[in-house]
Amino acid sequence: MKHPVRLERRHGRALIAIENPPVNALGHAVRLGILAAFEVALHDDAVSSIILAANGHTFPAGADINEFDMPARAPSLPELCDIIEASPKPVIAALHGMVLGGGLELAMAAHYRIAHPGTQMGLPEIKLGLLPGAGGTQRAPRLMPVRDALDLMLTGDPIPAKRAQQLGLIDGIAEGDLRETVMMLAPELDQPRATRYLRHHLSDGVDFMAATSAARVGLKEDAEASKWIIECVEAALLVPFDAALQMEQEAFADCLASEASIGLRYAFFAERLAQKFPELKGVDATPVESVSIVGEGLISIAITIACLNCGLPVTLVSPGEAGVTLALDRIGDFYEREAQAGRITQTQGAGRLSKLNLTTDMGAVRQSDLIIESVSANVTLRETVLRKMGQIAKPSAVLCANRSDQEPGALAALTGRPAQSLALHFFAPTNSLNLVEIGVTDDVAPKAVGAALQLAKRMGKRPLRCQSRPGLVGDRMLSAYLDAADAFLLKGASPNQVDTAMRVYGMPQGPYEMQDRASVDLIQAKRLARAAPVLLLPSRMVQAGCVGRRVGQGYYKYHQAGHATPNEEVMHLLVAERREKRIDVAPSSASEIQNGLIAALINAGAALLEDGTAQTPGDIDTAMVHGMGFPREKGGPMYQANRVGAFEILRGLEHMQKAGPVFCEIASLLRKKAAERESFTK
Ligand code: 3HC
């Protein structure tokens, strides 16, 4: 293995450069390398100051998360930070890229920090269920105001170099060549300055304590890492530095072993694995420099905005003049609001709008690199549009359908271009859910898949590759989830009871609240058809126009004051259906509901793996976390299957179905995993 740390001596200074691609994570070999280089530099009389820098596209983006499940090896990152801070020669960190977690902690232990203008700095440990564990909770509040230090740790969101400089986290921004500038500056920074002795931000104890008390307000009972961050920051004021560091390390070890952190770390790697598209290795994706969207309604508008926001010229073809007017109003309003909120400037908004071509003329898509069909549920119109796309698009164009319900090959049959036709399914609401499914068949050319992948990434979405089958991954999982929820309703639970149970589990909303929000009819259209639906209630509600928030009533009634109450009329319909079906009503506990719905998701996931629709269990989990709001700290349903064991899941499902009603067909892969006591692995 190439040595991950290099030492150079120039003009009486030592440059320690970390080189551990892709993100220069501070694994054991890197820590050893830094320590060795550091000792050489310290003992070299010709060296007056030491510069810590990194090669590649970033200063270390953190500790090596892969090592969190391994036994600790010296020097630990906190030890290394202490050694650097205690250096009798000044140490300057030259920062670029994403300076995150342990990377920022290393920089904070240096005596000075100079950053490239594009650098982002953050302490994202909270997103892994952790607190900074290499002195971050102690050094951040010594370098910057306590409220900002708490914010950095409690949100986990990075801040840009300019803000970091305003706050005092860094000492300067180097406009030109970072290393050259730092080399030139080094003589000015000729005194060691240990962060641990800085007292300025600790001087007003009352204000400091007010900030930590304010940070505690509204914390959830189970927010362990957040609580520890606040405790440790408070210790920065109240306890000697080394004792507070010790406290931080003990808390870090506790959080590391917590279920929440283990689940979040699993989700971190699953998300990254889901972005890997095996067929794209060595493939040049079809470049996408222009996009057309054919469709009307909010989803087409949201996709258009997402494309405009990443700088692409967009043609939006609406079937009628009314659609053009609506789109123009909505998109114009959107940029107006963005500018008013200060998220963009008026000029930026105008610039993005200038790249929009709104028309009713389908011929306008002719020159686009990628075309997305996103018309309404009108099947004839949709098929006409797809045929037309196939006829008029330029030969290299990638043709996409924003749908999940296509039979494999159906899309290609309409466009007549099997190598370039794929599903590009945006989860709704498109502006808040960031999942995009890319549904492919074996006929689709890798360069077309690559084009869809790149577009999704450029839009800041999370792409998920799956085989094109009705429902893809997301809607098949959604259908299974709702079928199980409906089974509990039929057995005697109320929508409110099911919703509450799932919110307590950690879902952002329950299945019935979610349907009311999205509109019951739209969700019905997404659900996979069953020969005998578990519950007729949803289709009866659609027939009665009782489709949710949009019309003021669905499973709940929505009052003007903004609150919602259970809809008694829907309850009457439900009771009537139970009577028709001669159901013996029995109570279900919250945990029975939670276990039942999660088991249904696991079973659907097993079926998706079995028929090859999904590539890996991690893909399914990623789809659930980012498409349905499954609590990230619980990893996802397939992760839960491995925790609980396939045998237990199967036993639970069989027990529930025996008591009736039957709401799913048990996947043979689940049976196999249960019989062989195996887990669902990558
Ligand atoms: N440890 C190990 N591997 C890491 C890593 C880390 N801290 N950060 C990223 N990687 C790996 C990814 O797994 C991925 O590997 P792969 O190519 O084999 O799948 C590769 O680096 C590239 O990562 P991304 O695909 O995420 O690349 P991006 O360019 O999109 O994003 C990033 C780069 C913003 C740095 C993003 O990777 C990220 O946010 N990383 C996590 C940062 C983090 O959480 N740091 C804190 C770690 S905990 C810590 O430091 C504890 C300390 O307080 C003691």
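Using +1 at the Cβ of each Lys and Arg and -1 at the Cβ of each Asp and Glu in the chain, identify which of Q138, Q120, L32 lies farthest towards the dipole's positive end.
So the residue we want is Q120.
Order these by the 10 Å Cβ neighbour count, fewest first: C400, C81.
Numbers: C400 30, C81 25.
If I rank by nearby Cβ atoms, fewest first, I get C81, C400.
Please state the charge dipole magnitude for segment 485-585, taken about the Cα centre, from unit charges on C-beta atoms (+1 on K and R, -1 on D and E), reported in debye and rounded to the nearest 20. Walk me through the numbers before you get to the answer.
Details: 14 positive and 10 negative charges, 42 e Å.
My answer is approximately 200 debye.
So for the chain, Kirkwood radius off the Cα pairs, Stokes-Einstein at 20 °C and 1.002 mPa s: how many µm² s⁻¹? Write out the running numbers ahead of the final one.
On the way: Rh = 27.9 Å.
Roughly 77 µm²/s, to the nearest whole number.
In a Debye calculation with equal point scatterers on the alpha-carbon sites of segment 8-101 and no solvent, what is log10 I(q)/I(0) at q = 0.21 Å⁻¹?
Result of the Debye calculation: -1.07.
Could you give the size of the charge dipole of the chain about its Cα centre, using +1 on the Cβ of each K and R and -1 on the Cβ of each D and E, expressed in debye and rounded to the nearest 20?
Details: 70 positive and 76 negative charges, 268 e Å.
The dipole of the chain has a size of about 1280 debye.
Roughly speaking, what is the stretch gain from S589 to D442, that is 0.36 nm per residue apart minus the C-alpha to C-alpha distance, in nm to one decimal?
Values: separation 147, 0.36 × 147 = 52.92 nm, distance 4.51 nm.
Result for the pair: 48.4 nm of gain on full extension.
Listing F663, F38 from the residue with the fewest other Cβ atoms within 10 Å to the one with the most, what is the order? Please list the in-between numbers first.
Details: F663 26, F38 22.
By the 10 Å Cβ count, ascending, the order reads F38, F663.
Could you tell me the distance between the Cα centroids of segment 522-594 and segment 363-399, to the nearest Å?
For segment 522-594 versus segment 363-399, the Cα centre distance is 37 Å.
7 Å from Cα along Cα→Cβ at both E336 and D157: what's the point-to-point distance in nm?
Spacing of the two 7 Å Cα→Cβ label points: 2.6 nm.
When the helix-only estimate is applied to the chain (DSSP H runs of n ≥ 4, each -39,500 (n - 2.57), divided by the residue count), what is the mean residue ellipticity at 222 nm, nearest 500 deg cm²/dmol?
Details: 28 runs with 326 residues, N = 682.
Only helices count here, giving -14500 deg cm²/dmol.
Between the helical axis of 617-628 and the dominant principal axis of the chain, each derived from Cα atoms, what acute angle in degrees is found, rounded to the nearest 10?
80
At a threshold of 8 angstrom on Cα-Cα distance, excluding pairs fewer than six apart, so keeping six or more, what relative contact order does segment 397-530 reach in percent?
Details: 188 pairs, mean separation 28.0, N = 134.
Averaging sequence separation for qualifying contacts and normalising by length gives 21 percent for segment 397-530.
Could you give the nm distance between label points at K220 and E8, where each point is 7 Å from its Cα heading toward the beta carbon?
Computed distance between label sites K220 and E8 equals 4.7 nm.
Measuring from centroid to centroid over Cα atoms, what is the spacing of segment 330-348 and segment 163-187 in Å?
33
Between the alpha-carbon centers of segment 618-664 and segment 246-285, tell me the distance in whole angstrom.
If you average the Cα positions of each part, the centres end up 20 Å apart.
Using 7 Å Cα-to-Cβ label points, what is the S494/D284 separation (nm, one decimal)?
Spacing of the two 7 Å Cα→Cβ label points: 6.4 nm.
When the Kirkwood radius is taken over all Cα pairs of segment 94-143, what Stokes-Einstein diffusion coefficient follows at 4 °C and 1.567 mPa s, in µm²/s? Could you put the intermediate results ahead of the total?
Working: Rh = 11.1 Å.
Diffusion coefficient, whole number: 117 µm²/s.
Just need the relative contact order of segment 267-325 here, percent rounded to a whole number, with Cα pairs under 8 Å and 6+ apart. Write down the numbers at each step before the final one.
Working: 43 pairs, mean separation 18.9, N = 59.
With pairs under 8 Å counted, the relative contact order is 32 percent.
Tell me, in nm to one decimal, what length is gained between A74 and S396 on full extension, where the rule is 0.36 nm per residue of separation less the Cα-Cα distance? If you can, show how the numbers build up before the last one.
Values: separation 322, 0.36 × 322 = 115.92 nm, distance 5.50 nm.
Difference between extended and current length: 110.4 nm.
Please compute the Cα-Cα pair-distance distribution of segment 425-524 with 5 Å bins starting at 0, giving whole percents from short to long.
Result returned by the calculation: 3, 11, 18, 20, 16, 12, 9, 6, 3, 1, 0.
May I ask for the equivalent-ellipsoid semi-axes of segment 211-309, computed as the square root of five times each C-alpha gyration tensor eigenvalue and listed largest first in whole Å? Can you show the working numbers first?
On the way: eigenvalues 400, 91, 36 Å².
Whole-Å semi-axes of the equivalent ellipsoid: 45, 21, 13.
Evaluate E = 1/(1 + (r/R0)^6) for A257 and S668, where r is the Cβ-Cβ distance and R0 equals 30 Å; express this FRET efficiency to the nearest 0.05.
Working from the Cβ atoms, E equals 0.25.
Return one number: the angle in degrees, 0 to 90 and rounded to the nearest 10, between the long axis of the Cα atoms of helix 646-659 and the longest principal axis of the Cα atoms of the chain.
30
Report the semi-axes of the equivalent ellipsoid for segment 148-291 in whole Å, largest first, where each axis is √(5λ) for an eigenvalue λ of the Cα gyration tensor. Don't skip to the answer; put the middle values down first.
Working: eigenvalues 242, 161, 48 Å².
Listed largest to smallest, the semi-axes of segment 148-291 are 35, 28, 16 Å.
Using Cα atoms only, what is the angle between the long axis of helix 259-274 and the major principal axis of the chain, expressed in degrees (0 to 90) to the nearest 10?
80
What dipole magnitude, in Debye to the nearest 20, does segment 447-528 give about its Cα centre under +1 on Lys/Arg Cβ and -1 on Asp/Glu Cβ?
Details: 13 positive and 7 negative charges, 150 e Å.
Roughly 720 debye, rounded to the nearest 20.
Can you tell me, using C-alpha contacts under 8 Å and at least 6 residues apart, the relative contact order of segment 217-331 as a whole percent?
Numbers: 62 pairs, mean separation 19.0, N = 115.
That works out to 16 percent.
With a 10 Å Cβ neighbour count serving as the proxy for reagent exposure, in which order, fewest first, do S49, S226 appear? Don't skip to the answer; put the middle values down first.
Details: S49 25, S226 19.
In order of increasing Cβ crowding within 10 Å: S226, S49.
If the cut-off is a Cα-Cα distance under 22 Å, which lysines reach K457, setting aside same-chain residues fewer than 8 apart in sequence?
Those lysines meeting the cut-off are K127, K276, K281, K355, K447.
What's the percent breakdown of Cα-Cα distances in segment 610-656 across 10 Å bins, shortest bin first?
In whole percents, the pair-distance histogram is 27, 45, 29, 0.
Since every read-out is calculated from the coordinates, none of them should be taken as a lab result. Since the model is a prediction, treat every value here as computed from it, not as a measurement. Note that each Cβ is placed from the backbone with ideal geometry, even for glycine, and that neighbours are counted across all protein chains shown.
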